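*Asks:* Before I ask anything, let me first share the structure, which is written out below as structure tokens.
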Amino acid sequence: MKQHTHPDLLRATELLKAGALVAFPTETVYGLGADATNDLAVAAIFKAKGRPSNNPLIVHTPCFASLCSCIDLSNHPDASRIRAHLDALQPLWPGPLSVVVPKAGHISPLVSAGGSTVALRIPAHPLALELLEACEIPLAAPSANPSMYISPTCADHVRQGLGDSVALILDGGPCAVGIESTVLSLVTDKPTILRPGAVTPEVLETTLGCAVITHSSASSAASSILASPGMLAKHYAPHTPVMLAHELTKDTHLPTRVGAIVFHQGSLLPFTPVLRLVLSERGELTEVAAHLFAALRELDSAGLDLIVVETCEPRGMGAAIMDRLVRASFRSSTTR
Ligand code: TXA
Ligand code: MG
């Protein structure tokens, strides 16, 4: 019998095959996994997260062949273009990239919120790959957090947020990337980024050899299936109000207990916070991304009135970081 590297791997596999929920690590964030071909198992994901049923899930597979087996291109008018794009993208997997493609019939319709497309990716985490290979089933896995809260980047975050609603949490340590995968639609006229992530537009354009569009949420506002997390202006948000440092002016009235998250050791702020967390000693954006969600969680549980977060240019990895920060800081009369 094959020796698994993690003591809980065999049990995780058995639970998933029996239709239970298992949280597992990926390189981006922890996923709340279930058999993507089992309607009841997928329904349990939506229930555990309190996720609206019109927000579709990402399906994870261990290799390119099994990713392709979740796609149905037969009779699709753009089959050859989608096939060519998939072949071009193959070198980016395993990695933090999800593609939206026409869905194969054996994937539960609940995964795709009743739509004809499915988001697929091959995660770059040894434990996730081992789990996917052992299960021999595609796993639907959204981020393992209650809907609307910050995604989990370690096993403890999953335990705090979902606790007893998960049969098992496979602990693979902290996630290296720290923000969710880039979501790229291949079913639009031109490849379109629905959610920015560590695989940047520049990398996608070079890999595909064509222009890539960055989605504007306004263009899909009419759809009842959410085209992207961009449809939810507030997302990934702590309970404590968040303000972006660049919004501060000399007239801003700050409450008493303000915490700050800065990108590097030398970052200067125009006020003295009661708590100050540094994401990266030298302000490396990959480190900033890796540590951002854990820092937001830490300050969210510190009894503060406000969290102020440093910002960056929305380019490359900076675009993915700013996307999450803008959502975390979104304020509206209906959500606060
Ligand atoms: O990094 C990640 O992608 C993590 C890890 C666990 O893989 N997963 C993740 O899943 O972030 P989730 O469900 O939290 O975010 C997936 C996003 C959703 O907001 C959804 O709107 C979009 O992908 N999505 C999924 N299927 C789609 C589809 N068929 N068409 C358009 N967007 C889709
Ligand atoms: Mg999520």
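None of the figures in this text is laboratory data; all of them are computed from the coordinates on show. Here the structure is a predicted model, which means the values were calculated and not measured. Don't worry about glycine lacking a Cβ; one is built from the backbone with ideal geometry, like all the others, and counts go over all protein chains shown.
*Asks:* Could you grab the Rg to Rh ratio for region 1-89? Cα atoms only, Kirkwood for Rh.
*Replies:* 1.03
*Asks:* Gain in length, E14 to T272, computed as 0.36 nm per residue apart minus the alpha-carbon separation, to one decimal in nm?
*Replies:* Fully extending the segment from E14 to T272 adds 87.7 nm.
*Asks:* Among T28, T272, T200, which one moves the most in a GNM of the chain with springs linking Cα atoms closer than 10 Å?
*Replies:* Comparing T28, T272, T200 in the GNM, the peak value goes to T272.
*Asks:* Let me have the 222 nm mean residue ellipticity of the chain computed from DSSP H runs of 4+ only, each contributing -39500 (n - 2.57), with the sum over all residues rounded to the nearest 500.
*Replies:* When only DSSP H runs of four or more count, the value is -8000 deg cm²/dmol.
*Asks:* With labels modelled as points extended 7 Å from the Cα through the Cβ direction, what inter-label distance (nm, one decimal) is found for E205 paired with E284?
*Replies:* Between E205 and E284, the simple spin-label model gives 2.6 nm.
*Asks:* Test of understanding: in a Gaussian network model of the chain with alpha carbons linked when under 10 Å, which of G197, G161, G178 would top the mean-square fluctuation ranking?
*Replies:* Looking only at G197, G161, G178, the biggest GNM fluctuation is shown by G161.
*Asks:* Treating cross-link reach as a plain straight distance, find the aspartates and glutamates whose alpha-carbon is under 19 Å from the alpha-carbon of K47, omitting any fewer than eight places away in the same chain.
*Replies:* D35, D39, D164
*Asks:* Once you sort the root eigenvalues of the Cα gyration tensor of region 50-140 as a ≥ b ≥ c, which label holds: rounded (a/c under 1.5), prolate (a/b larger than b/c) or oblate (the other case)?
*Replies:* Oblate shape, in that a/c is at least 1.5 and b/c is the bigger or equal ratio.
*Asks:* Follow-up question, since we're still on this one. Over the chain, what is the relative contact order in whole percent, taking alpha-carbon pairs under 8 Å and six or more residues apart?
*Replies:* Averaging sequence separation for qualifying contacts and normalising by length gives 19 percent for the chain.
*Asks:* Report the label-to-label distance for S116 and S80 in nanometres (one decimal), using points 7 Å from each Cα along the Cα→Cβ vector.
*Replies:* In this crude spin-label approximation the distance works out to 2.0 nm.
*Asks:* What does the convex hull of the Cα atoms of the chain come to per residue, in Å³, rounded to a whole number?
*Replies:* Expressed per residue, the convex hull around the Cα atoms of the chain is 141 Å³.
*Asks:* Same structure, new question: Based on Cα coordinates alone, diagonalise the gyration tensor for region 1-153, multiply each eigenvalue by 5, take square roots, and list the semi-axes in whole Å, largest first.
*Replies:* Computed over region 1-153, the values are 23, 19, 14 Å.
*Asks:* In a Gaussian network model over the chain where Cα atoms closer than 10 Å are linked, find which of K250, K190, K17 has the largest mean-square fluctuation.
*Replies:* K250
*Asks:* I've got another one for you. Which FRET efficiency, nearest 0.05, do S53 and L248 yield, Cβ-Cβ r, R0 35 Å?
*Replies:* So the FRET efficiency works out to roughly 0.35.
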